[in-house]
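Notes follow the structure.
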Amino acid sequence: MPSPAAATGGNKVSFRHVEALVAMGYDARVRMWPGQARPWWFSSTAPVEESDRRPDPDEILVFPEDDPDVLAQHAALPNRKVVFCQNPYYAVKGLPALPREAQAAYRTFMACSPGVAAWIARFLDYEVIATVPGFADERLFKPADKTAVIACMPRKRPLEQRVIRHMFERQYAGGVDWRWEVIERRTEAEAARALGTASVFLSLARHEGMSMTIAEAMACECLVAGFTGLGPREYTSPLNGFWAEEDDCEAAAEALLRAVRLAEAGGGPAALMRHAARTAAAGWTHAGFVQALATFWRDEMGVTP
């Protein structure tokens, strides 16, 4: 992991891969350079190796899709290699930036969603592509008693968040004092509690592979409004959220207003949308992830614990 301390969903998922493999009985570990900081925002039992040693020839190496230096450094090694692609928009910084002979060393891919797997098939050379899906961890993300809170995570769209909030507050004419909760610099557990009690979630997704954040908000039965981030179009629909075209902040503000009005009205329509959201999230579970991961290593890679 080139930047293990970065607060990204991709880093969290990489640690979860190693945790699951160890639980299955595999000798797996997260590898980082000596002296690098570890993630602060989620807990993990994954073994970590801080080392710059040359890998043993029998070790199987799993790489992120977006770091050309790491990919170039290991391309000539005889080890079996897997590229784990969680975001096609970032992937173009990785393999396509290498010389063709170095790219040829990487022909086995894990993808975080069927859509990302299809992108790899269209735009990269490959021999094996397997989907090992991302997930909204059902052990942590679940609904609680809802309050008049609009939650959001504007890391990728801070400007849009300010614009949408301004337009929403100019248009809103209800009598409820809606509180905004910006989920930034929070631990995973804190984010889960915030989404559990938030009635509405403003999605500020951008250039996503599958967006764990949207799936997590849906698992918590938030009424979701805003941008899909493109990749999540695999599971978003008019039944489970109020979606706006990418970058259309005015449409996103109108979608947010509709979600708030539905939350205030309550009753059957709100319950149906919350149910549809949680049903969509149920397609992205930790249990499903573990099963797909086990299948990949056993069937595609021919490796057993």
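The values are calculated or read from the model by the stated rules, or taken from the named source; none is laboratory data. The shown structure was predicted, so the numbers you read here are calculated from the model rather than taken from an experiment. No Cβ is skipped: glycine too gets one built from the backbone with ideal geometry, and neighbour counts run over all protein chains shown. Protein only, heavy atoms only, side chains kept; ligands, DNA and RNA dropped before computing areas. Shrake-Rupley method; radii C 1.70, N 1.55, O 1.52, S 1.80 Å.
Of note:
- Loop-located GluC sites (Glu not before Pro) across region 123-195 with a Cβ neighbour count of 14 or fewer within 10 Å are GLU127, GLU184, with loop assigned by DSSP.
- Descending semi-axes in whole angstrom, ellipsoid equivalent of region 257-297, from the Cα gyration tensor: 34, 9, 5
- Relative to the dominant Cα principal axis of the chain, helix 9-24 is inclined by about 60°.
- Computed P(r) (all Cα pairs; region 78-137; 5 Å bins; percent): 4, 19, 31, 26, 13, 5, 2, 1
- Compared with the dominant principal axis of the Cα atoms in the chain, helix 286-295 is inclined by about 20°.
- Within region 88-148, the chymotrypsin sites (Phe, Trp or Tyr not before Pro) that combine a DSSP coil assignment with at most 16 other C-beta atoms in a 10 angstrom radius are TYR126.
- Remark on region 131-256: hydrodynamic radius 14.5 angstrom, per the Kirkwood mean of 1/r across alpha carbon pairs.
- Rounded to the nearest 10 degrees, the inclination of helix 188-197 to the longest alpha-carbon principal axis of the chain is 30 degrees.
- Beta bridges assigned by DSSP with both partners in region 1-133 are antiparallel in approximately 0 percent of cases.
- Equivalent ellipsoid dimensions for region 189-305 as semi-axes, Å, which come from the Cα gyration tensor, largest first: 30, 16, 12
- Cα convex hull of region 69-110, projected area averaged across orientations, nm²: 2.8 nm²
- Evaluated at q = 0.08, 0.11 Å⁻¹, a Debye calculation over the C-alpha positions of the chain (equal weights, vacuum) places log10 I(q)/I(0) at -0.38, -0.69.
- Shape analysis of region 235-288 based on the Cα gyration tensor places the equivalent ellipsoid semi-axes at 22, 17, 7 Å, largest first.
- Relative contact order [Cα under 8 Å, 6+ residues apart], region 136-259, whole percent: 30 percent
- q = 0.08, 0.15, 0.19, 0.20 Å⁻¹: log10 I(q)/I(0) that the Debye formula gives for region 1-144, counting C-alpha atoms only: -0.22, -0.79, -1.28, -1.42
- Of the trypsin sites (Lys or Arg not before Pro) found in region 120-201, those in coil by DSSP whose Cβ has at most 14 other Cβ atoms within 10 Å are ARG139, ARG185.
- For the chain, the solvent-accessible area works out to 46 Å² per residue, with a probe of 1.4 Å and every protein chain left in place.
- Only lysine pairs 8 or more places apart or on separate chains count here, and in the chain those with Cα atoms under 20 Å apart total 4.
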